Structures are given as C-alpha cells and as structure tokens.
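Enquirer: First, the structure itself, so that you have it in front of you.
The values are calculated or read from the model by the stated rules, or taken from the named source; none is laboratory data. Only a predicted model underlies this, so the values are computations on that prediction, with no experimental measurement involved. All Cβ positions, glycine included, derive from the backbone under ideal geometry; neighbour counts span all protein chains shown.
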Amino acid sequence: MKKIEMKDIVNLCQNRGFVYPWSEIYWGLANSWDYGPYGSLLKENIKNLWLKEFIRKRTDTMLIDASIIMNPKVWEASGHVGGFADPLMDCKECKARWRADKLVEELCEKNPEIEVPKDFSWDKTENTRLDEIIKELNISCPDCEGKEFTPIKKFNLMLKTFLGVTEDGSALAYLRPETAQWQFVDFANVARTSRRKLPFGIAQVGKSFRNEITPGNFIFRTREFEQMEIEYFVTPGEDDEAFELWKNESERFLTQVIWLDSEKIRFSPIKKEELPHYSKQAWDFDYKFPFGWGEVETLANRTDYDLKSHMTASKQNLAYFDAVNNKKFLPYVIEPAMWLSRITLAAICDAYTIDEENNRAYLKFEPRVAPIKVAILPVVKKIWDLAKQIYAQVSEDFMCEYDEVGSIGKRFARMDEIWVPFCISIDSNNFEEGNVTLRERDSMEQEIVKISELNEWLRVRLK
C-alpha cells in the first residue's frame, strides 16, 4: 500500500475545498491558510461536539468568550512577556531559521538509538548548553545540511500590536498567545455571578496567535490557530483525582466522540524535569500524522500558580470562599487544552483513504464529523424546483449540499470523495408518489423513503 505523505493530504484539501493558501492571489503568506467551505464545516463540527460533551452535557462547566487583546499587564503577570520564548538559531550556509530544541527533538524521534544528553530539556536548557548539544549530536540544517549555526538567542513568541494613534511603549499590547488567562483574571466574577460551588470549569474556544519561528506541516503549526480550553477549578487535595478524570475524558473525546484511530493516539506523561514551572503534573496527547507524532492536547495540573500570580500583580482578592467550611483559599486548576486546528488536521489525516483499485483517494469521515451530512441530487432539470423543496426540508435539521450539475454518477462520486454519508436522488416518478431514493455511502445500498418521514429516517441513522 502506498505510504501517505503530507503532500497528498495538502493536495486533496486544496482540490476539494477544505483548506486554501492564504492570500493566494497575492502570492500567499508563508505557512498561512484559509479554511474552505468543507474545512470550515469540519472544524465547526469538531468544536460543536466538544461543546456538547463538555458544556451542554455537564452541569459543572461554563462557556465564556473573551477578547483577543487584553491589558498587557495580564501577560506580564502570567510570565509570557518575560519567559514565553523559543531558542532561535540561523544556519550560516542557507540563512534558514530554526528552533534549536526542535531539531534535537526531531533527530531523537527519528533515531531512537541516539542518546539524548541527560541534562537536555526542550523548554529549560540554557542557550549555551543547547549550543553545545547541537554540536555534540552533530546536527545539520534540514534545508542544506550545513553544520554551522549562529549562537542561540531567545525569541519571544508574543505578537505585538498598538492601541490608539501612537506606536510607543504606552500603547503596546499583545494578541493573546493562549485562551486561558481570561478564566483566571475574571475567576472571581464568574464564581460570584454563576453561584457555582467547587469543582467547576470555565471553558473557552477561540483564536490565539504566536509568532512561531518555524511554522509548517500544513495547518499543524501556524501563527494563527484555534484552541479549546477548560480551566477546571478544584479544592487543593482533590486535584490528583480530578486530573485522572479529565485524562479519561480527553481520551474518550478523541477516540470515542470524534473517533480518531486509537492506534494513532498516544498518551504520555511529561517528565518531571521538563514540566513548566507552574505545573505539578502534565500529559501530552499526540496523534501520529504522516510527518510523525504531533501534540494535539496537553492536560496540566497548574496548581494555584495563575490565580496567585494575578492576585499578587493586581492586588485584587481572587480567593474562593467556601461557605460550607467558612474559609477562603485559592483553588488548584486542571487544564485540558486542545488545539482545534491540529485536531481538525488529525481528523482529515485519519479519514484519508486510498482506493488502489480505482486509483483515487477519498476522505472517510465518521458521520458525526463529516462536513456535509446529506446531498440533494435531482436527476433531471425539470424537477430542480421540486428538489429545492426537499433541500429546504432536510436542511432544517442537517447540513446539506445541493448539486444539479453533471451526470448523477459523477455527482455521486464527488460526494463519495468528501464522504457525504447519504445522497438523496430525486426523480419525477418517485416525487409524485411522495418518495425519494436514499443512497448510503458505505454500503452503496439504495432505499425508497417517504418524503414525510425523511428527516426522522436520517436523524436515526446520523445520531
């Protein structure tokens, strides 16, 4: 069987309306992408499933929508302004720019026999030591294979902007690099107005921005991306139990809700020496993409670090009052943080299927994440108006596509390629009798269904 490569995924996505190069008519912008009609729907379906599982079906989580630009003091208190940086170095031969820690990580990932220096930690190793490790491992530039690099420097990932009419220090602000900090800054407001008792979670879905040194691998690493994060506040001492519960919930969502292949998912604890300074415990959830393993979620026990930092910097009381025990304290926080953009890519890679017999590829989505659930296909031109009546009826409950161009066989093939679960073909004889023909994608079987029962028939099978 042919090995699937990222270029195959990219080609299908561009040719079938999932993802386009950004600003393509102006020659694009490096590693920037737009989601097309089907990619947008796919991403929205995954997001809506997440909202259903973790907001709608739970009594202990709430959804907020915070601004992208916050007071810059938020990012000073959180440590992002001073410490949110990557080790940057340039190849002296071809001038390509690289993250030094990533080159070490990727070399060891591809060559398990290489012993990584015991003092290497991808986010903690000092620049001078990282320079030495690059030389010890004889690492070369991925572009030109040169082995001479500039000294490593720290590069802050925060994207700057300016508010108002001046561009000086007084107007400096940042685009948020994560969606999490609002939940901490306004924790006291949410606790007061929601009247929730611990444990409870504050969730957010939205865009974040990072000035990545080496974006790449299609939509996996970009400067603009979407996250789905929950800050789950618990009483200290109950955090370990809550961590295990959220680990199970994360695994269930990835493998049983959006149905990613469990053999391509791995869950691994982050070593103690590699934990961020604020974290008591953390796990990475990785998916095996064609380019290798890549992180799609991190689950972290952030302790009370964030609330304590913001309380100290703002001099505002963010403590939680436990009315039952008549005491105030800072809760611990369990954070399941998913990358919506990366999980969308994982769903596309997981669905990519090669049909060697017919020399083609298609996307075999789980029906609940499929961008289009039902296609409406009139057989002949004279019943287009009738077919649009069916579209109006079915689209009340399901995302549909209407297609009247080309032979019915070619239209079936097009819908099969993007894995539309059901196609409805309409001809005048059936319509006059109050029926339509339903074609199921996986089995290719066809069934006559009454128009009056059509939505319920689909609802049962798409549940």
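Enquirer: Out of all the residues in the range 121-160, which are in contact with an Asp or Glu (Cβ under 8 Å, 6 or more places away or on another chain), closer than 27 Å to P177 by Cβ and hydrophobic (A, V, I, L, M, F, W, C)?
Expert: W122, L130, F149, I152, F155, L157
Enquirer: Now for a separate question. Would it be correct to say that S268 is of a type in the set (S, T, N, Q) and part of a strand (DSSP E or B)?
Expert: Yes: the conditions hold for S268.
Enquirer: Let me ask another. Going by the conditions given, is E44 in a helix (DSSP H, G or I) and at pLDDT 95 or above?
Expert: So E44 fits the description; yes.
Enquirer: Taking the options A77, A66, name whichever one is touching a residue at least 60 places away in the same chain (Cβ under 8 Å), in a loop (DSSP other than H, G, I, E, B) and more than 29 Å from I354 (Cα to Cα).
Expert: A66
Yes or no, residue by residue, for (1) modelled with pLDDT under 90; (2) of a type outside the set (S, T, Y):
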site: R414; (1), (2): no, yes
site: P421; (1), (2): no, yes
site: S428; (1), (2): yes, no
site: E432; (1), (2): yes, yes
site: T437; (1), (2): no, no
site: R441; (1), (2): yes, yes
site: Q446; (1), (2): no, yes
site: K450; (1), (2): no, yes
site: L454; (1), (2): no, yes
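Enquirer: Still on this model: Restricting the range 80-106 to residues that are among the basic types (K, R) and touching a residue at least 24 places away in the same chain (Cβ under 8 Å), which is farthest from E126 (Cα to Cα)?
Expert: K92
Enquirer: Conditions: (1) surrounded by 17 or more Cβ atoms within 10 Å (Cβ to Cβ); (2) under 30 Å from A96 (Cα atoms); (3) among the polar types (S, T, N, Q). S250 meets all but one. Number of the miss?
Expert: That leaves (2) as the condition not met.
Enquirer: Still on this structure, please answer the following. Filter the range 98-116 for residues that are surrounded by 15 or more Cβ atoms within 10 Å (Cβ to Cβ) and not hydrophobic (A, V, I, L, M, F, W, C) and give the result.
Expert: Within the range 98-116, R99, D101, K102, E106 qualify.
Enquirer: Something else about it: Any chance you could count how many residues in the range 81-122 are part of a loop (DSSP other than H, G, I, E, B), within 14 Å of I134 (Cα to Cα) and of a type in the set (A, V, I, L, M)?
Expert: 2
Enquirer: What number of residues within the range 142-162 satisfy the criterion of being assigned to a loop (DSSP other than H, G, I, E, B) and over 29 Å from the mean Cα position of the chain (by Cα)?
Expert: Number of matching residues: 8.
Enquirer: Inspect the range 228-248 for any residue being without any contact (Cβ under 8 Å) to a residue 40 or more places away in the chain and within 23 Å of S208 (Cα to Cα) and give the result as yes or no.
Expert: no
Enquirer: Which ones in the range 279-318 are surrounded by 18 or more Cβ atoms within 10 Å (Cβ to Cβ), of a type in the set (A, V, I, L, M) and touching a residue at least 40 places away in the same chain (Cβ under 8 Å)?
Expert: V296, L299, L307, L318
Enquirer: Kindly check whether there is at least one residue in the range 224-245 that is in the same structural domain as W33 (by TED's automatic domain parsing), in a loop (DSSP other than H, G, I, E, B) and modelled with pLDDT under 95.
Expert: Taking the range 224-245 and keeping what is in the same structural domain as W33 (by TED's automatic domain parsing), we get 224-245.
Narrowing the set further to residues that are in a loop (DSSP other than H, G, I, E, B) leaves 235-238.
Then drop every residue that is not modelled with pLDDT under 95, which leaves none.
No, every residue in the range 224-245 fails to be in the same structural domain as W33 (by TED's automatic domain parsing), in a loop (DSSP other than H, G, I, E, B) and modelled with pLDDT under 95.
Enquirer: Another question, if that's okay. Pick from A319, A351, A361: which is farther than 28 Å from N301 by Cβ and in contact with a helix residue (DSSP H, G or I) (Cβ under 8 Å, 6 or more places away or on another chain)? Full working, then the answer.
Expert: Working: A319 fails: farther than 28 Å from N301 by Cβ; A351 fails: in contact with a helix residue (DSSP H, G or I) (Cβ under 8 Å, 6 or more places away or on another chain).
A361 is the lone residue from the list that is farther than 28 Å from N301 by Cβ and in contact with a helix residue (DSSP H, G or I) (Cβ under 8 Å, 6 or more places away or on another chain).
Enquirer: May I ask you to list the residues in the range 426-463 that are among the small types (G, A, S) and out of contact with any helix residue (DSSP H, G or I) (no Cβ under 8 Å at 6 or more places or on another chain)? I'd like the intermediate steps shown before the answer.
Expert: Here is the first cut: in the range 426-463, the ones among the small types (G, A, S) are 428, 434, 443, 452.
Those that are among the small types (G, A, S) and out of contact with any helix residue (DSSP H, G or I) (no Cβ under 8 Å at 6 or more places or on another chain): S443, S452.
Enquirer: To continue, here is another question. Within the range 47-63, is there a residue that is among the β-branched types (V, I, T) and in contact (Cβ under 8 Å) with a residue 24 or more places away in the chain? Explain how you work it out, then say what you get.
Expert: Start the filter on the range 47-63 by keeping residues that are among the β-branched types (V, I, T), which leaves 55, 59, 61.
Then keep just the ones that are in contact (Cβ under 8 Å) with a residue 24 or more places away in the chain; that gives 55, 61.
The answer is yes; a qualifying residue exists.
Enquirer: Looking at the range 438-463, I want the residues that are in contact (Cβ under 8 Å) with a residue 60 or more places away in the chain and have a partner that is assigned to a strand (DSSP E or B) with Cβ atoms under 7 Å, at least 6 apart or on another chain. Which pairs are those?
Expert: Between residues of the range 438-463 that are in contact (Cβ under 8 Å) with a residue 60 or more places away in the chain and residues that are assigned to a strand (DSSP E or B), the close pairs are I451/N435; I451/V436; L454/V436; L458/V374; L458/F422.
Enquirer: May I pose another question? Which one of the conditions (1) in contact with a strand residue (DSSP E or B) (Cβ under 8 Å, 6 or more places away or on another chain); (2) part of a helix (DSSP H, G or I) does G28 fail to meet, given that it meets all the rest?
Expert: (2)
Enquirer: Given the options R192, R210, name the one that is without any contact (Cβ under 8 Å) to a residue 60 or more places away in the chain, under 15 Å from W339 (Cβ atoms) and among the charged types (D, E, K, R). Walk me through how you get there before you give the answer.
Expert: Values: R192 fails: under 15 Å from W339 (Cβ atoms).
When all the criteria are applied, what remains is R210.
Yes or no, residue by residue, for (1) within 17 Å of F218 (Cα to Cα); (2) at pLDDT below 95; (3) not assigned by TED's automatic domain parsing to the domain that holds I343:
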| residue | (1), (2), (3) |
| --- | --- |
| Y35 | yes, no, no |
| Y38 | yes, no, no |
| L51 | no, no, no |
| A77 | no, yes, yes |
| D101 | no, yes, yes |
| L107 | no, yes, yes |
| I114 | no, yes, yes |
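Enquirer: Continuing with the same structure: Can you give me the number of residues within the range 1-54 that are charged (D, E, K, R) and within 15 Å of the chain's Cα centre (by Cα)?
Expert: Residues flagged as charged (D, E, K, R) and within 15 Å of the chain's Cα centre (by Cα) within the range 1-54 amount to 4.
Enquirer: Further, regarding this structure: With the structure loaded, tell me whether V436 is among the β-branched types (V, I, T) and in a helix (DSSP H, G or I) or whether it fails that test.
Expert: So V436 fails the test.
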